[in-house]
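Coordinate-derived values only; no laboratory data. Bear in mind the structure is a predicted one, so any value in this text is a computation, not a measurement. For neighbour counting, all protein chains shown are included, and Cβ atoms are generated from backbone atoms with ideal geometry for every residue, glycine included.
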Amino acid sequence: MKIAVCIKRTPDSESRFKIAASQTAIDEAGLKFDIDDFASYAVEVALQLNEKQGPGETVVYAVGPDPVQETLRKAMSMGADRAVQLKTDATPYDGMAVAKALAAELKSGGYDLVLFGKHAFDTSGGIVGTATAELLGIPCVTAATKLEIANGRGTARRELEGAAETVEFPLPAAVTIDEGIARPRYPSLKGIMAAKKKPLETKPAQLGAARVTVKSMDLPPERPAGRIIGEGVAAVPELVRLLQTEAKVL
Amino acid sequence: MLDFYNIDSVLSEDERAVRDSVRRFVDERVIPVIGNCYVEGRFPKELIPEMAELGVFGANLPEEYGCAGLNNVAYGLIMQELERGDSGVRSFASVQGALAMYPIYAFGSEEQRKQWLPRMAKGEVIGCFGLTEPDYGSNPSGMITMAKEQKDGTWVLNGAKMWITNGSTANIAVVWAKTNGDKEDKSIRGFVVPTDSKGFKAKDQKGKLSLRASDTSELVFQDLELPADAILPKSGGLKSPLMCLTQARYGISWGALGAAMACFEEALEYSKNRVMFDRPIGGFQIQQERLAEMLTEIVKGQLVVLHLGRLKDAGTMTPQQVSLAKRNNVNIATDIAREARRLLGANGILAEYSAMRHMANLESVYTYEGTHDVHSLVLGQALTGLNAFK
Amino acid sequence: MANVLVFAETRGTALRKTALEAVTAARAFADATGGGEVHALVAGPSGVGAAASQLGQYGADVVLVAENPALEKFDRESIAATVAARAQSGNYRAIMLGFSAQGRDVGPRVAAKLDLPIVTDVTDIQASGDAIVVKHPGYANKVIATLQISGPSAVIAIRPSAVTAAPSAKAGKVETISLAAEPSASKVVVKEVIEGGKGKIDLGEAPVIVSGGRGLKAPENFKLVEDLAAAFGNAAVGATRAVTDDGWRPHSDQIGQTGRQVSPQLYVAVGISGAIQHLAGMRSSKTIVAINKDKEAPIFKVADYGIVGDVMEILPALTAAVKEAKAHH
């Protein structure tokens, strides 16, 4: 199958963040960046599908400035065949603008499947995958926790609130990938060396105007300090009393 | 890991990617099991296929033999990350790569290279290195293992080796023996000995209190017959095994840092969380002095091996330069492990924490591949021209 | 004066809580921008129109009802087409909906069809001159972004439970509309809906969550967590990544950075150490209680009330005490 995977370069999700002097972004000093978690599951899903149903091609796309090339190479070191950077000066916060840039590029790609992460860790929008699919005029399943492809059709499972649904759809289609569907492989050392020789193309991103911009970024308000009210079973009555009278949640 | 001197900025993207990949493997696959393996006294053999898949065996040997074809800084980073997990795991990779695959690559015929190296890169054939003998450790030139050439070109091997890592797991042993009754160094040749040969016996050495997650064996050769093509044709003299040791020692210089980093990070984290006298112990002067000392030695050690790796890649590295790095980095690592263990207090004696395991392991690393003292004499001789070995 | 269109989500014929929250938010926004109208759009199987009066109570001036037997199961394509068609024909300052599983499907589709900007997982909405300004948590709730949306209209998907549904009665005049696309033409077809279990409250909607971690020692001990949740009566059971990775609990129960992010009234963390990964999922809960045997556990730094001790002893005692407290009210 010809599979496109749209990935994003995001900071390590375990980091503690500080706000930059501009007040409209986080301070990137000292942060480690990598393929966004959900996007890396999407890459793994693509690689596994092509390994099972081979031969095929997995192409990774990313929108962003040049540092994103390292992220694309990481995906190629996992096994993606080639990469395309849609170059911008800065990665836009506006999910619809990103979707437009991707759709413009993917239109002529002839892909059977276009995969995305459910959302990116930093912007947590969950917009790009579904919007890109709509712009391409292909069906989309969001937040798939299971995905199977056979004979030009797909079956996916997605979590609802307190339930789950199984859906079927024809290819070509887009799917955004949730956690639990696949563990991303770590690049083998040979894969890292091979990635250097794989094609990485750079083109300007056709974004259009950004209509969603960051006015400010702030750390969430600190929770007021709590307290340990006691030890063992003996503390239970006091907890219940506090929940009733002070917190008023019981 | 804290990168205090921003060494990442002078690593290439590939080198960082290699380091990160192996680090992830060690975090996810080695660290969860290695404490138990150490206590049980077993090497986690089940990880061999994954290590092979990752590409850590003979990683700096050429791609045409199925190897990763990495530069030597990347190779060093691999050893660093493996030993961050455990010295026994890194020892397995060192032996397989630098002491079994390397001699076949350096001294073997093209047929031998093609016959063995790809399968060894895949972990399908495991190798070990037979140089040290029960009575000849620091002085390998005294070895008594002897190979006698027969009229038809085959060989018969007799002797014993000891302290052989991977000895009981190995499919082949690269054995160094004197030949045809000649007791001089110059008669030393290398042989690829299949371990299923008649007359080959490997016995695990029991009762180790160090490198417990590693197979260490005695090898005994009794009238062991070898075909003519078992010999490594380009080998000759003590120089050959010593070249292999230089490769391994280079990797060990990086590896020891990995163990030191593991101990340092664990101690640092502990010091921030462990509360005594109503505050984290990391706020007390004695612990801060400990941590500052550890960090300083790690940074110095990193810069030594980074430069050494660049020299190796440039083709100008000398064995004496490697001696300096091995001697220094293993020594500071033993100190760091011990101080980390002390910082951890009573918790530091538990297998749940890594400090004491690393501390015990590093005693072996201090002793093998040329003891600390031997490397002092290497440097002494290089500086003065005077041989203080005898 | 700004009119707001709301996609009011239903499951079957019943309105979901996020629908009322979205109408409440739309009402507040319309009132703050000169008193425009709120039009709530409901699409579902026959009988879904009965929900219309509820939407009026929460502030909808008009309730647009599209009833179609083919909508027994959620059909994202025809519903998105219908919302978009209505938005196109009307003059709406904003299109609001809940950022739920349905919302993820409908919101971006509508925005793409109409070439509108879209923001999701929004916790606050303000009009600011010609622009709309929203708050949106990013970086797994570690950073709050204030975003400005320019242009005459926008799609805004609201984080479930970020807005408290509040009555603000309006006419709720029902208008029947038809779907703008045939469900039978939809490419993504729902084959099966697997219910999570009788009476299981969704983590995103539960006012109380009792959550368990590794400190419970064994999967069987989650029974104690379930008992405490049952004692509260309106609680859902959550879990940490460690125990879902180990298969003790289903992946959908995981609360954390890569799992569900929740803000219940009360979050009880049992045998949970409080790794950053987990805190990212629950730190905005109104009240946090932690029970853990290790008094140095990081969870105690975010908990309002903590008890140090053996969870196996404390849980049954707490369950009994909660049952008793509930019985007396």
(message) Suppose a student asked you for the relative contact order of chain A, using Cα pairs under 8 Å spaced at least 6 residues apart; what percent would you report?
(response) 24
(request) Check cross-link reach from A:Lys100 to the aspartates and glutamates: straight Cα distance under 15 Å, and skip same-chain residues fewer than eight apart. (result) A:Glu134, C:Asp115
(message) Longer than 25 Å from Cα to Cα, which of B:Lys122/B:Lys178; A:Lys2/A:Lys32; A:Lys190/B:Lys300; A:Lys215/C:Lys142; A:Lys203/C:Lys187; C:Lys223/C:Lys326 are they? Say none if no pair is.
(response) B:Lys122/B:Lys178; A:Lys2/A:Lys32; A:Lys190/B:Lys300; A:Lys203/C:Lys187
(request) Pick out, in residue order, every one of the GluC sites (Glu not before Pro) in the stretch B:307-374 that is DSSP loop and has at most 13 other C-beta atoms within 10 Å; say none if there are none. (result) B:Glu352
(message) Please state the shape class of the stretch B:239-384: rounded when a/c is under 1.5, otherwise prolate if a/b exceeds b/c and oblate if not, all from the C-alpha gyration tensor.
(response) prolate
(message) Just to check I understand the Karplus step: with θ = phi - 60° and J = 6.51 cos²θ - 1.76 cosθ + 1.60, what whole-Hz values come out for the stretch B:324-332, glycine and proline as x?
(response) 4, 5, 4, 4, 5, 5, 5, 4, 5
(request) Once you have a ≥ b ≥ c as the square roots of the Cα gyration tensor eigenvalues for the stretch B:96-190, tell me rounded if a/c is under 1.5, and otherwise prolate or oblate according to whether a/b is larger than b/c. (result) oblate
(message) Greater than 24 Å separation of Cα atoms is the criterion. Which listed pairs, A:Lys118/A:Lys196; C:Lys17/C:Lys286; B:Lys183/B:Lys208; B:Lys272/C:Lys293; A:Lys107/A:Lys198; B:Lys151/B:Lys239, meet it?
(response) A:Lys118/A:Lys196; B:Lys183/B:Lys208; B:Lys151/B:Lys239
(request) Kindly provide the helix-only [θ] at 222 nm of chain A, computed as the sum of -39,500 (n - 2.57) over DSSP H runs of four or more divided by all residues, to the nearest 500 deg cm²/dmol? (result) -8000 deg cm²/dmol
(request) Loop only per DSSP, at most 12 neighbouring Cβ atoms within 10 Å: give me the trypsin sites (Lys or Arg not before Pro) in the stretch C:166-199, ordered by residue number. (result) C:Lys198
(message) Given points 7 Å out from each Cα along the Cα-Cβ axis, report the B:Lys206 to B:His372 separation in nanometres with one decimal.
(response) 3.1
(request) With label points built 7 Å along Cα→Cβ from the Cα atoms of B:Glu149 and A:Ala209, find their separation and express it in nm. (result) 8.8
(message) Compute the distance from the alpha-carbon center of the stretch B:134-183 to that of the stretch A:116-139, in whole Å.
(response) 65
(message) Between C:Glu313 and C:Ala230, what's the calculated FRET efficiency when r is the beta-carbon distance and R0 is 25 Å? Round to 0.05.
(response) 0.85
(request) Kindly list the residues of the stretch B:242-257 that lie in the label zone of B:Ile7, defined by a backbone N under 20 Å from the point 7 Å along the Cα-to-C-beta vector. (result) B:247-257
(request) First check a/c for chain C, with a ≥ b ≥ c the square roots of the eigenvalues of its C-alpha gyration tensor; if it is under 1.5, answer rounded, and if not, answer prolate when a/b is larger than b/c or oblate otherwise. (result) prolate
(request) Compute the long axis of helix C:101-114 from its Cα atoms, compare it with the longest principal axis of the Cα atoms of chain C, and write down the angle in degrees, 0 to 90, nearest 10. (result) 30
(request) Round to the nearest 10 and give me the degree value, 0 to 90, for the angle of helix C:76-89's Cα axis relative to the longest principal axis of chain C. (result) 50
(message) Can you pull out the chymotrypsin sites (Phe, Trp or Tyr not before Pro) in the stretch B:48-112 whose DSSP state is coil and whose Cβ has at most 15 other Cβ atoms within 10 Å?
(response) none
(request) Evaluate the relative contact order of chain C (contact order divided by residue number), counting alpha-carbon pairs under 8 angstrom at least 6 apart; express in whole percent. (result) 15
(request) Grab the beta carbon distance between B:Glu289 and A:Glu238, set R0 = 56 Å, and tell me the FRET efficiency rounded to 0.05. (result) 0.85
(request) Give the calculated FRET efficiency between A:Ser216 and A:Thr166 to the nearest 0.05, with a Förster radius of 51 Å applied to their Cβ-Cβ distance. (result) 0.75
(request) Calculate how steeply helix C:17-32 sits against the longest principal axis of the alpha-carbon atoms of chain C, using the helix alpha-carbon long axis, and give the answer as 0 to 90 degrees to the nearest 10. (result) 60
(message) In whole Hz and in residue order, list the ³J(HN,Hα) couplings for the stretch A:7-16 that follow from phi through the Karplus curve 6.51 cos²θ - 1.76 cosθ + 1.60, θ = phi - 60°; x for Gly and Pro.
(response) 10, 9, 8, 10, x, 3, 6, 7, 6, 8
(request) Taking DSSP loops as anything outside H, G, I, E and B, show the longest stretch in chain A free of GluC sites (Glu not before Pro) there with at most 14 other beta carbons within 10 Å. (result) A:29-221
(request) Return the single residue from C:Val23, C:Val174, C:Val106 with maximal mean-square fluctuation; model: Gaussian network over chain C, springs between Cα atoms under 10 Å. (result) C:Val174
(request) Per DSSP H run of n ≥ 4, the term is -39500 (n - 2.57); total these for chain C, divide by its residue number, and report the mean residue ellipticity at 222 nm rounded to 500 deg cm²/dmol. (result) -8500 deg cm²/dmol
(request) Mind pulling the per residue volume of the convex hull built on the Cα atoms of chain B? Å³ is fine. (result) 136
(request) Report the semi-axes of the equivalent ellipsoid for the protein assembly as shown in whole Å, largest first, where each axis is √(5λ) for an eigenvalue λ of the Cα gyration tensor. (result) 61, 33, 24
